[in-house]
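Notes follow the structure.
Please treat every number below as a calculation from the coordinates, not as lab data. This one's a predicted model, so the numbers in the text were calculated from it and none came from an experiment. Note that each Cβ is placed from the backbone with ideal geometry, even for glycine, and that neighbours are counted across all protein chains shown.
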Amino acid sequence: MIQFKDLSLVYPNGTQGLKDVNVTINDGEFVVIVGLSGAGKSTFIRSINRLVTPTDGELLIDDEDILGYKGSKLRSLRTKVGMIFQNYNLVKRSSVFKNVLAGRLGHTGTFRSIFNLFSKEDKALAYQNLKRVNIEEKLYNRADQLSGGQQQRVSIARVLTQKPDYILADEPVASLDPPTSHQVMKYLKKINQEDGITTIVNLHFIDMAMEYADRIIGMRAGEVVFDGPVSEVSEETFEEIYGRSIREDDLRGSVEEDGEANE
Amino acid sequence: MKKMVKQMNKPSIQEDRYAPMLSPWRVKGKITLIFFLIIGLLFFSSMQTGVDLQALISGLSNMNQIFVKLFPPDPGIVNLAMDRLIETIHMAIIASTFATIVVIPVSLLAARNLATNLFVYNITRFILNILRTIPDVVLAVIFVGLFGIGVFGGIVALFVFSLGILAKLISETVESIDMDSFEAMRASGASSVQAIAFAVVPQVLPQFTSFSLYVFEINIRASVVIGLVGAGGIGNLLMQQFSFYNYDAVMMIILIIFAVVVVIEYISGKIREAII
Amino acid sequence: MALEQPPKKQIPTSKRIKRIAIALAVVAIYIWTFASINIDFGRVIERASANFSRVLPRLFSPNWDMAGEVIEMMIETIFIAYVGSLAAAILAIPLGFLAAHNITNSRIITTIGKWILSAVRAFPEIILAILFVVVVGPTPFAGILAIAIGSTGMLGKLYSEVLESIDMNVVEAMKANGSNGLQIMFHGIFPQIIPEFLSYAIYRFEVDVRASTILGYVGAGGIGTMIFFAQSSRNWSDMGMILLVIIVVVTIIDYTSSYIRKRIV
């Protein structure tokens, strides 16, 4: 369970990233955070694994305030919270397999990992997760030989190999085309349902948010302006969150083109 | 026909009057000023160093002295020179090896994108900048002074000298990498050392290998040179023969050095091409 | 937990053999090196323990009485570098043109040109200085010749690379409208290359100042002469002063030169 209590974040340059945020995210939920760029979605997500540090309030994960975490405590929090990025953030020159194994780093001693001495179980787990996202045949390809959608699937496998309790995804489909976007979201949703991993996704596409979320949180200027189940959301809700009428580019487009799971 | 074209392209004088000047007088003035500055400095420097046209001409006419004094090269020195040459190469190998090992932590400290402590970063940079201004020979003089005449002082001097160059090259490479994957490692709970090993190392490894070979090339030359000041190897032999006025032997040694430098740079260059 | 193991990575045998061969070669080189290098550690330690306290404190307390003399010699060093690199900057122009394959049509000439340039570069400046001291005697002039020749090798190579990267369309257009060789040179080629040529020449001056500091050690003039005397008389506080002046002057010249180069290009 993640609890934001009066959480605020002011960046050194004076920008207000978060403003008095009060949100509770329950275990197993699939939450989509929507808002325009600069609304604080990224800050919200990055506070949870402390890539940024809120300046005021409390942030409880499994009933522990994480804001004071440092060193090994912070690292063990981060092994528990996996993250998926807009630009996949793979090591482009390394193989797919090595990238996925990197998910085990937090669970592996520094010495062992530097000499690539991962246990048999770790390797099997990494392979298993590559299979889950249907990309196991690219095992020994270099990451930069893969298409964007394939790279994002590898990064999902990497997060799974981390065995997290929570997955954060920061605009995971912003660099992808519509069919691949749906594919990636479907994998995320499937993992959420099968493994019960709490998943928090930043999106700015309204239709995708509606299709995959259990619950939507709307943000504007660092504040939470909407929080409720998808059933309560309508077009007016989005217009309220965005502070303007809905446009074409707020929509990702149809899922229909998505026939094949492999590309 | 060709003539026609030529004429058409040459603007007549009348047209030219209305055309904008290619370079306005201010730019022209500036260029003239710089030109005279360069020439003036040249004359001044020539005077100070006692070089004038006369010296140049008499110097050049002395060039035939090369043949008189330096030829034929003395083949008697070859065996001794080869022994000392191998010593020189060994010095370069050892110094380059230690420099490539030590440069890893140093270049990480001197890379802005990985610097967690700005104070340490600035100090490292400062020391490296000073180090790079000191010529190899001067370093050799100092370390030979510290450790005595011989190979050891030379190796230390080469090590320090090449560390300065290598650290700059590698830290700049580290600064140019894609930090996204590093962020991902940190976000998955990896320690800094792990994140560096998995995200930074694969990205810099090809350049690292190439630069290490490049530094080995530099060290081969430098190890010849520092021998002149007592740091062992073939340079030492060269200096001995030079101070005994054995110019035929000097020429032979120089030819050997030349051949080795060319061969090693060629091989190393080919390997570097294959890597990147 | 019995999960399926990933398939083993297939590495072609030829690649495997190549890797093993390289590894063996590297190991052999190191064994050869460390087995035959002759370091008398006993003497090194004995010397170091005797010398550290004698050398280091004095090195770090420069002899300020020498400052005037040292600076004077440093100025001579700069003059040597200046005349040498200016001569090289000019000498390298025809050589650069000869070695550039898009300017010189004959493959034989460009190959010979490139060969001469790289041959010259293989000589460290101080070795050239030894040669010229033999020929013209122990004067700054020998140093200037060494710098001039050494820099010509590198500048010629850089110039020819600049030339090979120019936009040949302009040259073709000028040929098409009937310009002669000289016109093409002055209006088609020079405007494209002058900034880079200048920038490289200035950079080379920067390198040459560093190189000139040591030429005096073999009698070719400049501050190196003082390094020689300070070493032979074990006068480490003089050496400290020399070192300080070299560091300061080289730093200043590096900064000025890179500032000018940034403005040119």
Shielding of A:87-96 by partner chains, average beta-carbon count, 10 Å: 6
Determine, for each peptide in A:79-87, C:206-214, the mean count of other beta carbons within 10 angstrom over its residues, then list the peptides with the highest first. C:206-214, A:79-87
Direction-averaged shadow area of the convex hull around the Cα atoms of the range C:183-251, nm²? 5.9 nm²
Of the peptides C:155-166, B:139-150, how do they stack up when ordered by the mean number of other Cβ atoms within 10 Å, highest first? B:139-150, C:155-166
Summing +1 for each Lys or Arg and -1 for each Asp or Glu, what net charge is found among the other residues whose Cβ lies under 12 Å from the Cβ of residue A:113? +2
From other protein chains only, count the Cβ atoms within 10 Å of every residue's Cβ in A:101-108, then give the mean. 6
Inter-label distance for residue A:194 and residue C:169, nm, one decimal - labels placed 7 Å from Cα along Cα-to-Cβ: 5.5 nm
Report the residues of the range C:138-173 in range of a label on residue C:116: point 7 Å along Cα→C-beta, backbone N strictly under 19 Å from it. C:145-164
In whole percent, what relative contact order does the range A:1-133 give with Cα contacts below 8 Å and a gap of six or more residues? 21 percent
Under 17 Å from the 7 Å Cα→Cβ point of residue B:38, by amide nitrogen: which residues of the range C:194-212? C:194-208
Average beta-carbon neighbours from other chains, 10 Å sphere, peptide C:125-138: 6
Calculated FRET efficiency for the pair residue C:251/residue C:9, C-beta based, R₀ 51 Å, to 0.05: 0.50
Using helices alone, I'd like the mean residue ellipticity at 222 nm for the protein assembly as shown: each DSSP H run of four-plus residues gives -39500 (n - 2.57), total over residue count, nearest 500. -20500 deg cm²/dmol
Neighbourhood charge, 15 Å Cβ-Cβ cut-off, centred on residue C:75 and excluding it, Lys, Arg +1 and Asp, Glu -1: -4
Return one quarter of the surface area of the convex hull spanned by the alpha-carbon atoms of the range B:114-236, equal to its mean projected area, in nm². 8.4 nm²
Starting from the Cα of residue C:9, draw a straight line to each of the lysines and keep only those under 22 Å, dropping any in the same chain fewer than 8 residues away. A:92, A:98, A:120, A:123, A:131, A:138, C:18
Mind jotting down the three principal axis lengths of the protein assembly as shown based on Cα atoms? Whole angstrom, largest first. 99, 88, 59
Which value results when the Cα radius of gyration for the range A:13-82 is divided by 2.2 N^0.38 Å? 1.13
Candidates A:111, A:30, A:226, ranked by Gaussian network fluctuation over chain A, Cα under 10 Å, top entry: A:111
Working note, chain A: Cα radius of gyration (Å, one decimal) and Dmax (Å, whole number) are 18.3, 55
q = 0.14 Å⁻¹, the range C:116-237: log10 I(q)/I(0) [Debye, one scatterer per Cα]: -0.70
Filter the GluC sites (Glu not before Pro) in the range A:108-163 down to the DSSP loop ones having no more than 10 other Cβ atoms within 10 Å, then list what survives. none
The range C:1-64: trypsin sites (Lys or Arg not before Pro) falling in loop per DSSP and having at most 14 other Cβ within 10 Å: C:8, C:9
Pop out the Kirkwood hydrodynamic radius of chain C from its pairwise C-alpha distances, inverse of mean 1/r, in Å to one decimal. 22.7 Å
Prolate/oblate/rounded label for the range B:207-276 (Cα gyration tensor, a/c 1.5): oblate
Measuring from the lowest to the highest alpha carbon on each principal axis, how far does the range B:71-275 reach, largest first, in angstroms? 68, 37, 20
